[in-house]
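Quick notes on the structure that follows.
We did not get these values from a lab; they are worked out from the coordinates using the rules stated. The structure displayed is predicted, hence computed values, not measured ones. Positions of Cβ are generated from backbone atoms using ideal geometry, with glycine treated the same way; all protein chains shown enter the neighbour counts.
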Amino acid sequence: MVNKYWSDLVNRLEPYVPGEQPKQAALVKLNTNENPYGPSAKVIEAIREQAGDNLRLYPPPESDQLRRAIGDYYGVGIDEVFVGNGSDEVLAHCFQALLKHKKPVLFPDITYSFYPVYCGLYGIEYQTLPLTADFSIRVADYVGDNGGIIFPNPNAPTGCLLPLADIEWLLQKNTESVVVVDEAYIDFGGATSVGLVNAYHNLLVTQTLSKSRSLAGLRVGLAIGNSRLIEALNRVKNSFNSYPLDSLAIAGAVAAFADEEHFESTRSAIIRDRELLGTQLAERGFHVLPSAANFLFVRHLSMPGSALSAGLRQKGVLVRHFNRPRIENYLRITVGNPEQNRALVQALDQILV
Ligand SMILES: *Cc1c(COP(=O)(O)O)cnc(C)c1O
């Protein structure tokens, strides 16, 4: 129903629907790719230290300290780093600042479902290109005239990784528009494209602290690219919200990049358990896509995805099911800690008798 008080745009919007954040703590939550391990103790300490009288002040608007820490971590200059309130906000700014042109923006048919939502919000034309039968991105499809290209690497919700050589090939064939590589899951097994930003001034790489750094609740995302691309993002940011990162988020995020040991030990545990869980699921009749992320994308050879997802919900295990063409029988399952993974496998054993 059209609401007369709403703008035409809002009447036509189809917002993104995030995975359920249940109020019951008892559920085994494997539906939103959160990290099962808490953030570094040094992050908590830094936030605690920051929580004082200074909260009466606005935070530094350009988050210089954090951008310098990220620049140092990745070996790029502070002018090549942008930060925002979660990478979703960074991506929104990318769509408005860099991907809105007269020609359509290109992304895969099966990908992060926020991309078409941003296109709707900003009135951007887009064209989806089908993944191959084994759900990989064929870069040769992305060479036509376009207003920009965006895809996650590894892709979501498939977990499939595109080799750096393919990304570099794509950049060489596509010099007239911006290529955004959304590296939300890159730390779980892929090679980052950050090293290509000096050679390719149309490459923008986005990342988040929500997954590999266990800070989904802090809302910190970033982009790395040539300073002219970063300047475009700053122009949008400074026309929208001068202070996207609060002082606590800045302090916590700086501390997160300083604790390499916590980062390494938690991500290697998740990578190890992903392989174990993949084997256990395959033994139970699942087709498991190779994953370079902190989740598995799986299809049971006899049980439909909707029934499996509902059955697991009933047993207190939340996973993500997308009721969309080509993937309606797949489940996206976050790799949890060993106890959560065991609970999932036990629930499956009861459902699949
Ligand atoms: C989780 C995710 C994001 C967004 O993460 P934020 O929590 O907003 O930083 C972006 N892209 C993809 C593909 C994701 O899965």
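Quick one: T111, T206, T132, fewest Cβ neighbours within 10 Å first, how do they rank?
Working: T111 21, T206 26, T132 11.
Taking fewest neighbouring Cβ atoms as first place, the list is T132, T111, T206.
For the chain, no complete DSSP H run has alpha carbons reaching 30 Å or more along its own long axis together with a mean Kyte-Doolittle score of 1.0 or higher. Our summary gives the range 246-353 a relative contact order of 24 percent, counting only alpha carbon pairs under 8 angstrom and 6 or more residues apart.
Remark: relative contact order (the range 41-259) = 31 percent; criterion is Cα-Cα distance under 8 angstrom and separation of 6 or more residues. Once both labels are positioned 7 Å from their Cα atoms along Cα-to-Cβ, the gap between Y16 and Y122 label points is 1.3 nm.
Annotation: extensible slack from Q172 through V2 equals 56.6 nm (criterion: 0.36 nm per residue apart, minus Cα-Cα distance). Taking only alpha carbon atoms, the range 150-235 gives an Rg to Rh ratio of 0.97, where Rh is the Kirkwood radius.
Work out which trypsin sites (Lys or Arg not before Pro) in the chain are exposed loop sites (DSSP not H, G, I, E or B, at most 10 other Cβ within 10 Å) and give the longest gap free of them. Can you show the working numbers first?
Numbers: sites that count: K4, K23, K102.
It runs 103-353.
Backbone amide hydrogens, once placed in the peptide plane, bring Y126 within less than 5 Å of V105, excluding anything fewer than 5 places away on its chain.
From the alpha carbon centroid of the range 210-224 to that of the range 7-66 is 8 Å.
Put simply, the amide H of D246, placed in the peptide plane, has no neighbours under 5 Å, leaving out anything fewer than 5 places away on its chain.
Given K102/K237; K102/K211; K29/K100; K102/K173, which pairs have Cα atoms separated by over 25 Å? Working shown, then result.
Details: K102/K237 22 Å; K102/K211 34 Å; K29/K100 36 Å; K102/K173 19 Å.
The pairs that break the limit, which is 25 Å between Cα atoms, are K102/K211; K29/K100.
Ranking A251, P290, V345 by Cα position along the charge dipole of the chain, where only Lys, Arg, Asp and Glu carry charges on their C-beta atoms, puts V345 farthest toward the positive end.
Taking only the alpha-carbon atoms of the range 41-259, what semi-axes of the equivalent ellipsoid follow from 5 times the gyration tensor eigenvalues under a square root, in whole Å, largest first? Could you put the intermediate results ahead of the total?
Numbers: eigenvalues 178, 66, 49 Å².
For the range 41-259, the semi-axes come out at 30, 18, 16 Å.
Along the chain, the exposed loop sites are GluC sites (Glu not before Pro) outside DSSP states H, G, I, E and B with at most 16 other Cβ atoms within 10 Å, and the longest stretch free of them is 177-327. Expressed in Å, the radius of gyration and Dmax of the Cα atoms of the range 29-68 are 14.4, 38.
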